[in-house]
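Accompanying notes for the structure given below.
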Amino acid sequence: MARTLFIEGPAGVGKTEYALKHVRTQLDTGAQSNQLLVLVPYRALGYPYYAAFSGAEWPSGVQIDVVTFGGLVRRALDTFWPVVTEKEPTFDPQTEPAFLTIETSQYFMARFVNEAVKQGVFDGVSITPHNIMRQTLDNLSKTAVNTIPVSEIAARLTAAWGPLRHTSRQTVYVAAQTVAEQFRAHCLQNSLLDFSLQIKLFMDHLLSDSLYAERFRHQYRHLIVDNLEENPPVVADFIRWMWNGLESALLLYDWDGGYRTFLGAAPDEMHKLVDLCQETQVWDTPVHTPPVMVALTGELGAQINRRYPSPGSTRDDTGNGDQANPRAGFTYTSHKFYPQMIDWVVETIVALVESGTSPNEIVVLAPFLGDSLRFALTTRLTTHGIKTVSHRPSRAIRDEPAARAMLTFLALVQGDKPPVADVTDALQQAVDELDPVRAWLLTRIVYRPSHDGLGTFEDIHPATQERITFRAGNKYDVLRRWLHEHGAAEPCPPDHFFSRLFGEVLSQPGYGFHTNYDAGRVIAELVESARKFRQVLYPKGADNWNDVAREYLTLLQEGLLAALHVPSWHAEEQDAVFIAPAHTFLMRNRWVDIQFWLDVGSNQWWERLEQPLTHPYVLARSYPKDQVWTDKMEFESRQEALRRLMVGLVRRCR
């Protein structure tokens, strides 16, 4: 077998299974487990390796690193920080670095964005301060993973916008670059490392350091890279840097991948690594996908974008394919009104489950998953006894109902006066016996914003108690008493408050989150978010945790995004129907029996998210810095993205 091997092919041909066998072979032939490095583009794609390495059939004590490039970078900076401070004099060598999440990065950037908004420099575009922060951080990340100077952001975006378009856009681009430079300077002065600065410091300082190079090459002798195509160009640079010190390497490439292009993935750039390998193999025989779905994959890919037919599909240039009929792989239904479509989906899922299909083998996908759509699906399926889980990684924590309830209870403990509607919603979610009417009636009596705290159920008129029910009232009193005792006790960090409230009350039998998978996932993410906020901003503690809690509440009320939480990416393992945006499901690399695609006539399947301050194709290493981005290029990029999306989904459907 070749020392270095490049395997390429479509999804579902067994590349990851082969990688696991390859790892076992390396161990059996004498390699130490700590000498193997498995590199994945994002943490969710490492799950097959985590699961396998913890299995009973694997040798005990196996400690194989399965990491993302970002995780590897953070670990290196944490260990070799003194080396970095020597080469980057801006840093204080006595100050430990603070690694920022998306949330804490926005917290520190807010001051610069808010000042720029007050000055009116972003008046040329209709965009909220929150989106300015998001897209500015996105620009910083793209420059880092493409090794583009931050100083070129405005020039590249302006050139791509073109001389014949609206001229105010150049002013906005300059403003976005100025905010990015101010944020970067603040991070350098205070040892704050956001994702982009971590990548830059690693590439500029550690890869050129002999001590780090010696330590790294001494430890890692065998490399496995899965889903190579989902990585940005900087990962290709890193692989080339470590290549000559390896004893073996296995690179796995998915033809139809590149779903993370909007985050900087560069499939074409990563495919060039094939030139490093001694042997290349093409795998195009599906393992997971039946022939009818293979036929549908080829037909869909060719019809959507004839310029880029799916490699290895069953459809040749003449339109002929194998014996499988692609029409047998799908059912298409049309409805006049949106609710009728939802009702049909629910009725079909109920019939499938009743006939023996596991809910775990069913996913419901849409281009975007709004609150009303998710609510309609989950409530209808729940009435039939079918559990659901969902995940929207771009959704702000404050928009999740379970999180809003927890934040409302935190505000009450702090002595704040949340709106009556928020308290009503929180009590309805918290107490299993309360429907919207009873929750409203209870809140109207026990909660007066002009008074402190919540009133007791015992003080309510007996006739009204009967309407609310004594069982619901008793559970409410337990919750009220817990909040009152917590408010009177010594203040604690907000993540401790969330953990205790969920564990001691809301997850108990009779309360709303007892068997609510989604609520448990959301609250776990809320706890992690609050913990990271505390660890970054208050690593040595705080004089008054109540002030910290209020600061955190303010931060979330501004619409801060949640960072990626791995437990939420594993939630679909539960025996429940998974509801998600199509891209979210696709990036899980998971196979199911049945997929429902909703509203397939919507342009949202095809349109790219409007981001006036950034551009996923222009801020790429391969894009010429003086090239105008034309309407034709936009159309072609959308067509190809749609083809990849459709083909990727069908390949993951049994």
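The values are calculated or read from the model by the stated rules, or taken from the named source; none is laboratory data. Quick caveat, the model's predicted, so the values are computed rather than measured. Counting neighbours? That spans all protein chains shown, and the Cβs are built from the backbone with ideal geometry, glycine included. Ligands, DNA and RNA are excluded from the accessible area calculation, which covers all protein heavy atoms including side chains. Shrake-Rupley method; radii C 1.70, N 1.55, O 1.52, S 1.80 Å.
Residue pairs whose Cβ atoms lie under 7 Å apart, sitting 6 or more positions apart in sequence or on different chains, and linking a residue in region 374-385 that is closer than 13 Å to VAL345 by Cα to a partner that is small (Gly, Ala, Ser), are ARG374/SER390. When PHE375 is tested against the conditions (1) under 19 Å from PRO581 (Cβ atoms); (2) of a type outside the set (Asp, Glu); (3) surrounded by 17 or more Cβ atoms within 10 Å (Cβ to Cβ), the lone failure is (3). Considering every residue within region 475-484, establish whether at least one is surrounded by 14 or more Cβ atoms within 10 Å (Cβ to Cβ) and in a loop (DSSP other than H, G, I, E, B). Checked against the condition, which is being surrounded by 14 or more Cβ atoms within 10 Å (Cβ to Cβ) and in a loop (DSSP other than H, G, I, E, B), region 475-484 yields no hits at all.
For region 384-415, the set of residues classified as outside any helix (DSSP H, G or I) and over 23 Å from GLU103 (Cα atoms) consists of HIS384, GLY385, ILE386, LYS387, THR388, VAL389, GLY415, listed by residue number. Of the helices (runs of 4 or more DSSP H) contained entirely in region 46-143, those carrying at least 3 residues that are open to solvent by less than 70 Å² (accessible area, probe 1.4 Å) and out of contact with any Leu (no Cβ under 9 Å at 6 or more places or on another chain) fall at 102-119. Scoring THR136 on the criteria (1) at pLDDT 95 or above; (2) farther than 16 Å from ARG184 by Cβ leaves a single failure, condition (2). Checked against the criterion of being buried (at least 19 other Cβ atoms within 10 Å of the Cβ) and within 27 Å of MET270 (Cβ to Cβ), region 147-154 contains one or more residues that satisfy it.
Screening region 601-631 for residues that are in a loop (DSSP other than H, G, I, E, B), without any contact (Cβ under 8 Å) to a residue 12 or more places away in the chain and closer than 27 Å to VAL364 by Cβ and picking the one that is least open to solvent (accessible area, probe 1.4 Å) gives GLY601. Within region 485-516, the residues that satisfy the criterion of being of a type in the set (Ser, Thr, Tyr) and open to solvent by less than 70 Å² (accessible area, probe 1.4 Å) are SER499, SER507, TYR511. Can you tell me which residue is least open to solvent (accessible area, probe 1.4 Å) among those in region 430-474 that are of a type in the set (Lys, Arg) and out of contact with any helix residue (DSSP H, G or I) (no Cβ under 8 Å at 6 or more places or on another chain)? In this case the residue turns out to be ARG448. Of the residues in region 159-177, at least one is assigned to a helix (DSSP H, G or I), farther than 20 Å from ASP237 by Cβ, at pLDDT below 95 and in contact with a Lys or Arg (Cβ under 6 Å, 6 or more places away or on another chain).
Considering region 203-282, the qualifying strands (runs of 3 or more DSSP E), each wholly inside and each with 3 or more residues that are touching a residue at least 24 places away in the same chain (Cβ under 8 Å), touching a strand residue (DSSP E or B) at 6+ places or on another chain (Cβ under 9 Å) and surrounded by fewer than 21 Cβ atoms within 10 Å (Cβ to Cβ), run over 279-282.
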